[in-house]
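K.L.:
To start, I am sharing the structure in question, which I have written as structure tokens.
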Amino acid sequence: MVVRASGADWETIGVGALAPFVVRGHAVLLQTQAAECLSEAAARWLVSQAVALVATDARTLGEPRRLLLEAGIPIAESLTGLEALPPTGAYFTAVPPHAASGATPARAYARVP
């Protein structure tokens, strides 16, 4: 699921921007074009919704990334091409190098059926 927040009036994505979406078990891709994009409350909400992954085109999710990682939710940052994806229906994959652990670059791609 792609949440498009670029050009929005807020500095970070909060729960209000995410709550209208059914995200449980889904990868959530945040198209923001911002340097840091996720509020701590939004990160806690995503954890409570048991999302599969959180990804963004922003350089970083900011300090809330720690909450996601501690909950075992993988993250991907600095993505490109999110504008080409439909809001729902794309299959997103992020593949780390073999035997990688911790923070590591990954090859991320989406497939539209």
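K.L.:
Just checking, which of LEU38, LEU53 is of a type in the set (A, V, I, L, M) and modelled with pLDDT under 90?
P.N.:
That would be LEU38, the only listed residue that is of a type in the set (A, V, I, L, M) and modelled with pLDDT under 90.
K.L.:
Looking for something more than 12 Å from the chain's Cα centre (by Cα), surrounded by fewer than 18 Cβ atoms within 10 Å (Cβ to Cβ) and on the phi > 0 side of the Ramachandran plot - is there at least one such residue anywhere in the stretch 51-63?
P.N.:
Scanning the stretch 51-63, I find no residue that is more than 12 Å from the chain's Cα centre (by Cα), surrounded by fewer than 18 Cβ atoms within 10 Å (Cβ to Cβ) and on the phi > 0 side of the Ramachandran plot, so the answer is no.
K.L.:
Looking at the stretch 64-113, which of the residues that are surrounded by fewer than 17 Cβ atoms within 10 Å (Cβ to Cβ), at pLDDT 85 or above and among the β-branched types (Val, Ile, Thr) is farthest from the chain's Cα centre (by Cα)?
P.N.:
Looking at the filtered set, the residue picked out is VAL112.
K.L.:
Hey, another quick one. Going by the conditions given, is LEU82 under 20 Å from ARG107 (Cβ atoms), of a type in the set (A, V, I, L, M, F, W, C) and free of Cβ contacts under 8 Å to residues at least 12 places away in the same chain?
P.N.:
no
K.L.:
Would you tally the residues in the stretch 46-69 being part of a helix (DSSP H, G or I), polar (S, T, N, Q) and in contact with an Asp or Glu (Cβ under 8 Å, 6 or more places away or on another chain)?
P.N.:
Here the count works out to 0.
The values are calculated or read from the model by the stated rules, or taken from the named source; none is laboratory data. Computed from a predicted structure; not experimentally measured. Positions of Cβ are generated from backbone atoms using ideal geometry, with glycine treated the same way; all protein chains shown enter the neighbour counts.
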